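Structure first, commentary second.
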Amino acid sequence: MHSIGELARASGLTVSALRFYDSAGVLEPALVDPVTGYRWYTDEQIAPARLVAGLRRIGMPVPEIAAAVRAEPAAVHRLLDTHLRRLVDGLADARREVTRLRAMVDPARPATTTLLLSPADLAGALDAVRFAVGVDPELPMLSGVLLDVEPDGVRLVATDRYRLALARSRADVDGPPVRVFVPVALVDQLRPLLDAADAWPVSLTVAGADLRVVVADRTVTGTALPYDFPDYRRLLRKAVGERPTARRILVDVASLRAALADPAAPTVARDHDGTAHEVTVLGVDDQGGLRLLPAADLGADALRVGVNGGYLLDALDAAGAPQLVLELDGPVAPLAVRRPDDADTFSVLMPIRL
């Protein structure tokens with residue numbers, strides 16, 4: 001048997017860390033002296049303690065460390081892969097934020113970035129996110145579409161806090177990556193021009209807050225909104241990141257739309273701030289398909305999620321596909337609405353507590 005100090009020296013963990021992981025149920029001692037309270041560990045616990053020390057150094061969350069200690073090697077590798085992706089995403093977020101902060105601390109002449117885009121691609125991306133633009137005058141930081149320019153394209157994002165929509169358009173990019181928040185009025189002015197048959201390519205130029213879009217013989221100019229758009233990447237990781245328990249259900253859009261629009265469609269009444277709301281509850285039938293649940297079928301163990309039915313209809317229409325995949329992961333997890341063949345275009349609806 002080894003004392004807690006001996007295990008600390010053998011594993012690289014501090015004594016206080018070993019006490020913490022004991023209290024958290026991650027690495028419990030083999031024996032605790034009932035008189036002195038001293039913790040004692042076996043030889044077999046040295047390797048798990050070293051694993052805990054390594055996972056701690058790379059910042060893995062405690063619940064995942066606990067799972068890794070008890071898992072088979074293949075499962076530990078999956079946990080490591082997931083955490084590594086999280087670290088890579090976090091580093092990319094940090095780099096973007098550092099770039100923004102440098103420009104804020106020492107503003108210089110803004111660099112110019114020009115994108116050449118397919119009008120059809122850009123129109124489809126705008127249609128996929130426009131429905132989620134915020135309309136609350138008290139939240140002007142949500143009243144537009146974020147263009148997050150990447151080396152080979154641009155990601156479009158919109159949210160009103162209750163739903164989040166993303167799409168991507170390929171582009172030839174000349175200039176540094178940039179994030180620009182486009183007012184919805186400019187989006188709506190641009191969108192009809194993209195339907196012109198001879199409007200290829202679309203030229204979009206960003207120079208600081210100045211925006212210039214050329215579509216065929218038409219030019220649209222505007223000024224970016226001066227607000228910090230929410231960190232949508234972090235929101236996505238929390239909302240629809242690694243979700244091994246999520247049920248993915250392929251649905252026919254026309255059939256689901258008809259079911260939602262049916263006046264007899266089942267809903268559940270819920271009160272919010274003194275106002276009654278009709279909530280659409282999605283569940284799974286015996287064949288693994290999607291069904292709308294009435295109040296009588298809201299069993300405690302049933303997989304279900306409540307959403308605003310009108311918002312779901314908007315998401316179905318915006319996706320522009322005959323079939324979609326809905327991801328259900330329980331009553332407090334967001335509902336993801338995805339295209340089966342396009343990982344970059346999807347929307348997320350916040351759940352309504354049932």
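Thr223 contributes about 90 Å² of solvent-accessible surface, heavy atoms of the protein only, 1.4 Å probe.
Note on Arg95/Ala30: beta-carbon distance plugged into 1/(1 + (r/R0)^6) with R0 of 41 Å gives a FRET efficiency of 0.35. The heavy atoms of Met60 offer some 10 square angstrom of accessible surface to a 1.4 angstrom probe.
Using a cutoff of 8 angstrom between alpha carbon atoms and counting only pairs six or more residues apart, the relative contact order for segment 256-354 works out to 21 percent. With contacts taken as Cα pairs under 8 Å and at least 6 residues apart, the chain reaches a relative contact order of 12 percent.
The loop-placed trypsin sites (Lys or Arg not before Pro) in segment 150-199, going by DSSP, that have at most 14 neighbouring Cβ atoms within 10 Å of their Cβ come out as Arg161. Is segment 242-297 rounded, prolate or oblate when judged by the Cα gyration tensor, a ≥ b ≥ c being the square roots of its eigenvalues, rounded requiring a/c under 1.5 and prolate requiring a/b larger than b/c? Oblate.
Note on segment 181-214 and segment 70-90: Cα centroid distance 41 Å, given to the nearest whole angstrom. Mean separation of Cα pairs under 8 Å and 6 or more residues apart, divided by the residue count, gives segment 100-183 a relative contact order of 34 percent. Between the exposed loop cleavage positions of the chain, defined as chymotrypsin sites (Phe, Trp or Tyr not before Pro) in a non-H, G, I, E, B DSSP state with at most 16 neighbouring beta-carbon atoms within 10 angstrom, the longest gap is 228-354. Between Thr221 and Val135, the C-beta separation translates, for a Förster distance of 25 Å, into a calculated FRET efficiency of about 0.55.
The values are calculated or read from the model by the stated rules, or taken from the named source; none is laboratory data. Computed from a prediction, not measured in an experiment: that's the story for all the values here. Ideal geometry is used to build each Cβ from the backbone, glycine not excepted, and the neighbour counts take in all protein chains shown. Each accessible area value is taken on the protein alone, full model and side chains, heavy atoms only, with ligands, DNA and RNA left out. Shrake-Rupley method; radii C 1.70, N 1.55, O 1.52, S 1.80 Å.
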